[in-house]
Amino acid sequence: MHYDHEKKKNDLLLAGPSSSIITSIASGKVTNGSMMHYPSNDSKRFVVVAIALFVLATISYVHNIIIQRSLLRLPNITTDDHYASGLRRRLNFLSDVMSPPASVVTKTSTNANANANTQSSSSAVASSSSSYDFSVLLISYHKTGHDLQEDLVNLIIDEFPPPIGPNITSKGVKSLVRRRMHTPAHLCSRLYLQPGTIAVQHAPDFFCSAEKLAKILLEEGNVRNNNNNNNNNNDRGVKIVHLVRNPFTMAVSNYHYHAKTPIPQTEMWITKQNPCQVTYPNGELFADYVLPALSKRAYQSLNINYDSRLILASEFEAIAQDCVSLYQTRKGLEKANQFDHLMNLDAPDGLRLATAELTIQGHDNGGDMLRMSNNILKLKQAEKIVQNSWMGGHHKEFQVYTLSLDDFISQPRQSAVEFLNFVFDHNEDDVSMEWKEAAALKYEQAYLAKKEGSRHITDGKASNTEQLTEYLRHDPVFGPPMKKIEMLVETALADSRSAAAL
């Protein structure tokens, strides 16, 4: 049988890459019925080239499809803010894990929250970029100005950027260390403050001695700084802005904030913790830490004198017992959480339960009324010690300025001016009063705009605020200790006002 090689070749090419034909060609044989013919060498080379071209075309096509689909899935890094924000958050998390609490970054944005997510490769360079030579620390507690301290940090960073003002730390407006915690060895939150920076700490534990507290706040940052070869010879000390509040307005605000829906995501702890728990997780009694400082008969060196101790052990115990009498004892609330109680108890009972948690609860989010009182005394004692001694061979300043959230609510502009005067009182040549007043006006305008739509700002808007305040004042369990704490707060505020007037 005659085999027409050229015709068969054309037929194969026209037929396309049939798998059976390709298999036959690859084996070097083509069958036709029962007879087998072997093509010539030229035809073999032609078939091999055709196969190679086909394979290359297929690979190129698949490669292009893969690239196109991958590009469709990639975000535009220069314009996709969500992707960039997520990337910054992941980098910030890694940096928080690996970096010291108070490592410094250079200011690259006019918003402190943005600075919190921006990391610097060299904290030494960032620290030296500011001529501001104090470390500034803002301290707050639950319902004394958590949001306020963030706003004040932003005010400094926005209106008084380095080198005039301090740098923001890598923590931004977040607390330097975990709140309401301390190590058994030190009894005080260790903050490692860095010269030329501004930082915040919410609800620190200052249960160590006043001498040790002064050393922690003045010297420990330098120890870490020197270990990192990041020495700063212009360290003049620390300025502490202590945000406090009248205990009665603090308690009523706390009750109003938590006795309504919806529960903010950051406040879900109220559905989990026991408001009457008076111990730390390791079993240590909260009372054992706060009573030593608060149960002295007099504080003559601090210009504080009372007819009796600020709070007695018996008063602490009475508050704890009142809490136990209210929690999970009413019909229908036997297994309810704290939030359910606040929503179902009448206002006076709900206020007592919430105030007990704010006063004697020793775990998670409680105890801030006594923690605030303890820290007022410890900071004042540490300030006196430093004024009368030399720390570490160098005379550093330890300045405490007590400010009230109630004043910021009623007089935001004037309170902001007082805050700025304290931060920049050593730098009047570079920061004029006109500059500070203009910044304070901006703060007031921003605060009033925020207040209109904020659920977090509770300033006595509830109709029963005055009645609940009077109820607490006359309550036999809460009234006596809270009145003495009120005197302590007012004394601290008056001392700061007097010092500012000099």
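Quick note: the coordinates plus some simple rules give every number you see, no bench work behind them. Quantities reported herein were computed from a predicted structural model and do not represent experimental measurements. In this analysis, Cβ positions are derived from the backbone assuming ideal geometry, glycine residues included, and neighbour counts consider all displayed protein chains.
Brief remarks on what is shown
- Cα centroid separation - the range 482-502 against the range 326-388, whole Å: 22 Å
- The order of the peptides 253-260, 140-147 by mean Cβ neighbours within 10 Å, most packed first, is 140-147, 253-260.
- Cleavage-rule hits (trypsin sites (Lys or Arg not before Pro)) in the range 261-300: DSSP loop, at most 12 neighbouring Cβ within 10 angstrom: Lys272, Arg297
- Close amide H pairs (under 5 Å, H built 1.01 Å from N) link Leu403 with His242, Leu243, Val244, residues at least 5 positions away or on another chain.
- The simple spin-label model puts a point 7 Å past each Cα toward its Cβ; for Thr183 and Phe54 those points are separated by 7.3 nm.
- The packing ranking, built from the mean of other Cβ atoms within 10 Å per residue, places the peptides 409-419, 237-247 in the order 237-247, 409-419, highest first.
- Once backbone amide H atoms are built at 1.01 Å from N, Leu138 has Ala199, Val200, Gln201, Val241 as its partners under 5 Å, excluding neighbours fewer than 5 places away on the same chain.
- With the simple spin-label model, which puts each label point 7 Å out from Cα in the Cβ direction, the Gln273 to Ala499 separation comes to 2.9 nm.
- Backbone amide hydrogens, once placed in the peptide plane, bring Leu193 within less than 5 Å of Gly221, excluding anything fewer than 5 places away on its chain.
- The simple spin-label model puts a point 7 Å past each Cα toward its Cβ; for His395 and Thr469 those points are separated by 4.4 nm.
- Take the convex hull of the alpha carbons in the range 316-450; its mean projected area over all directions comes to 12.9 nm².
- Here the range 162-286 yields Rg over Rh of 1.03, to two decimals, using C-alpha coordinates and the Kirkwood radius.
- Computed lengthening from Ser314 to Lys450, 0.36 nm per intervening residue step minus Cα-Cα distance: 44.7 nm
- Restriction of the trypsin sites (Lys or Arg not before Pro) in the range 326-382 to DSSP coil positions whose beta-carbon has at most 14 other beta-carbons within 10 angstrom yields Arg330, Lys331, Lys335.
- Based on Cα contacts under 8 Å between residues 6+ apart, the range 315-360 shows a relative contact order of 47 percent.
- Using a Förster distance of 30 Å, the FRET efficiency for Glu211-Glu486 (Cβ separation, nearest 0.05): 0.60
- Contour excess over end-to-end distance, with Cα ends at Asp429 and Asn344 and 0.36 nm allotted per residue: 24.8 nm
- Applying Stokes-Einstein at 37 °C and 0.692 mPa s to the Kirkwood radius of the range 172-215, computed over alpha-carbon pairs, gives a translational diffusion coefficient of 297 µm² s⁻¹.
- For a straight C-alpha distance cut-off of 13 angstrom, no aspartates and glutamates are reachable from Lys335 once same-chain residues fewer than eight places away are disregarded.
- ³J(HN,Hα) computed for each position of the range 320-330 - Karplus, 6.51 cos²θ - 1.76 cosθ + 1.60, integer Hz, glycine/proline x: 4, 5, 5, 4, 4, 5, 9, 8, 6, 10, 8
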